[in-house]
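Contents: one structure, followed by commentary.
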Amino acid sequence: MTAATAAPRLHVVTGKGGTGKTTVAVALALSLADEGRRVLVCEVEGRQGVSRLLGTEALPYEEVELAEGAGGGQVVGLAVEPRAALVDYLDTFHGGALGGLGGRGARVSAVLDRAGAVEFIADVAPGLRDVLLVGKVYEAVRRTATGRSDGGRPVYDAVVLDAPPTGRISRFLGIGDELAQLAAGGPIAARAASVAALLRSEQTAVHLVCLPEELPVTETLEAAAELRSAGLPLGAVVANRVLAPPAEGGGPRARVRTALRRALAPDRDDDAGGGVGPSGGRDALDDVVEALLAQDRVRAARVAEQRRWLGAAAGAGRPLRELPDLPGGIDLEGLYRLADDLAASPLPAPQPSPAGGAA
Ligand SMILES: Nc1ncnc2c1ncn2[C@@H]1O[C@H](COP(=O)(O)OP(=O)(O)OP(=O)(O)O)[C@@H](O)[C@H]1O
Ligand SMILES: [Mg+2]
């Protein structure tokens, strides 16, 4: 077994719906690009989440440069789409097979249109649709400058997959055996086997994004167990939207009042006592102080609640990385801020399993 420290080349980012998978996937890609790496970020659900996040045009089924990182790093985006993935696959593996029907290349898709093949596949064999999508990701991981999986330098130093949510991740990754049975012995089964081997190798890390709340954490623990028993290498649990503890300046009423008074009128210093207004009764400042303190208490309670769930998330048995809740939501600046956080504390590589990975 080689270096236990080898960085994974395929980062699969999953998690409960709406917890920040797309955000984390893109921030991770940006952070890797800032280390000078050439990174592909893939989405597979036809949602255009990546382009929406980055404010770029919708991603085509084609690799487009999205951002540059320091030291020649680059983020390239790709929206993998089932129809195109199918055409791709057929072109690669059965280029000649459809010759009689309609020729190669673009015309293959015309044949598929007539046959309604994509819809057929989605209805009858969803597992096949998934293997085509993951297969494209697999191909991107394995691609080398010469265009072949020949051990040459890979085109991408890392591929980040904005994956389906935890509820569908096992089936998406083809962990079940239905597909192998469906297409036993054929080229699709062979591809599924190659994909499975990559997914279970030390080149892959599956990261679980969650919020520090009950349901996402519970789902994360379940997913960790499921993925682990399927032999998939787990990376980090990424706890997203973690609240910062209440700001300094909270605490005793008198101190808050004094701080506020100074902030509002730095030149005056007529309020050394605190708690009561200048005339001895409550004034407007007291009301503000009360409101601030009440807000702080609510926040402190939420922070404590989040801490409890963060503690529970440790039960997944993987290192926990926290990303802050950005109060204004995610804009480009926020995205880079999360990327900086990830760069400062990189997501851990999975531990190689003693036997060198499940068979
Ligand atoms: N750290 C954060 N701070 C503030 N807002 C965030 C943060 N992370 C994500 N969000 C917001 O939460 C929402 C969901 O994020 P995102 O789309 O990345 O989640 P997702 O898991 O990909 O969702 P889906 O399951 O729908 O694909 C978005 O509106 C995003 O801007
Ligand atoms: Mg998403």
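A few comments on the model shown:
- Largest-first principal axis extents of the Cα set of the stretch 26-92 (Å): 37, 26, 16
- Ordered by 1.4 Å accessible area with all protein chains kept, ASP340, ASP286 run largest first as ASP340, ASP286.
- For ARG297, solvent-accessible area (1.4 Å; no DNA, RNA or ligand), Å²: 140
- Summing +1 for each Lys or Arg and -1 for each Asp or Glu among the other residues whose beta-carbon sits under 10 angstrom from that of HIS207 gives +3.
- As a size descriptor, the averaged projected area of the C-alpha convex hull of the stretch 291-347 was calculated at 5.1 nm².
The values are calculated or read from the model by the stated rules, or taken from the named source; none is laboratory data. Source: prediction; values computed, not measured. Cβ coordinates were reconstructed from backbone atoms using ideal geometry, including for glycine residues, and neighbour counts include every protein chain displayed. Calculation scope for accessible area: heavy atoms of the full protein, side chains included, ligands and nucleic acids excluded. Shrake-Rupley method; radii C 1.70, N 1.55, O 1.52, S 1.80 Å.
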